[in-house]
Structures are given as C-alpha cells and as structure tokens.
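The values are calculated or read from the model by the stated rules, or taken from the named source; none is laboratory data. Everything numeric in this text was worked out from a predicted model, so none of it was measured. Cβ: placed from backbone, ideal geometry, glycine included. Neighbour counts: every protein chain shown. With ligands, DNA and RNA removed, areas are computed over all heavy atoms of the protein, side chains included. Shrake-Rupley method; radii C 1.70, N 1.55, O 1.52, S 1.80 Å.
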Amino acid sequence: QDARAALRQRYLRGLAAAQGRPARFYLWAGVQVDAIFGATDIEAMAFQVDALQTPLGVEAAALLRSTDVLAFSFLLD
C-alpha cells in the first residue's frame with residue numbers, strides 16, 4: 001500500500017508540473033493533438049486543455065476524456 005501511495009503522489013506531482021505547459025495527446029483513434037495542459041479532475045477522468053490543435057482547427061478550451069487518451073507527454077525544463 002505504501003508503494004501505491006508513492007506512485008499516486010508521483011503521478012499527481014507530474015500533473016501539477018504539467019500545468020500551463022505544451023502537451024501532446026495520443027488518442028485511441030490514431031490522432032495526435034497538441035494543447036496547453038490545464039488540469040485534470042480528481043479521478044483523472046478528463047483533462048482540461050487550452051489551445052487544442054486538432055486536424056479540424058484550434059479550440060480555445062476543451063475537455064479530453066481520459067478514455068479517449070492512450071498517452072500524453074509534455075516537456076519539463
């Protein structure tokens with residue numbers, strides 16, 4: 001249980017570090033989208049992003065459901 005708590009804490013710290021940074025989301029549909037990471041809800045069921053760049057255009061703000069996201073990445077300084 002200690003290991004599980006430590007992993008959860010690292011995950012949450014990673015999400016906090018990602019706030020306001022450019023991120024790339026890889027979706028199950030095979031699409032990659034870029035955005036500015038905003039936040040996630042407490043259960044990580046959705047990601048709030050800004051300036052979402054999709055193949056159809058740019059959305060000022062959006063919610064990405066975690067069930068649609070295969071992976072995401074962001075750069076740290």
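In table form, for the structure just shown:
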| item | result |
| --- | --- |
| Some residue of the range 43-53 being at pLDDT below 90 and among the β-branched types (Val, Ile, Thr) | no |
| Residue satisfying all of: in the range 1-24; of a type in the set (Lys, Arg) and farther than 16 Å from residue 52 by Cβ; least open to solvent (accessible area, probe 1.4 Å) among these | 8 |
| Criterion: closer than 13 Å to residue 72 by Cβ, assigned to a loop (DSSP other than H, G, I, E, B) and not hydroxyl-bearing (Ser, Thr, Tyr) - qualifying residue of 35, 44, 29, 23 | 44 |
| Whichever residue in the range 47-77 is touching a residue at least 40 places away in the same chain (Cβ under 8 Å) and assigned to a strand (DSSP E or B) and, among such residues, is nearest to residue 20 (Cα to Cα) | 74 |
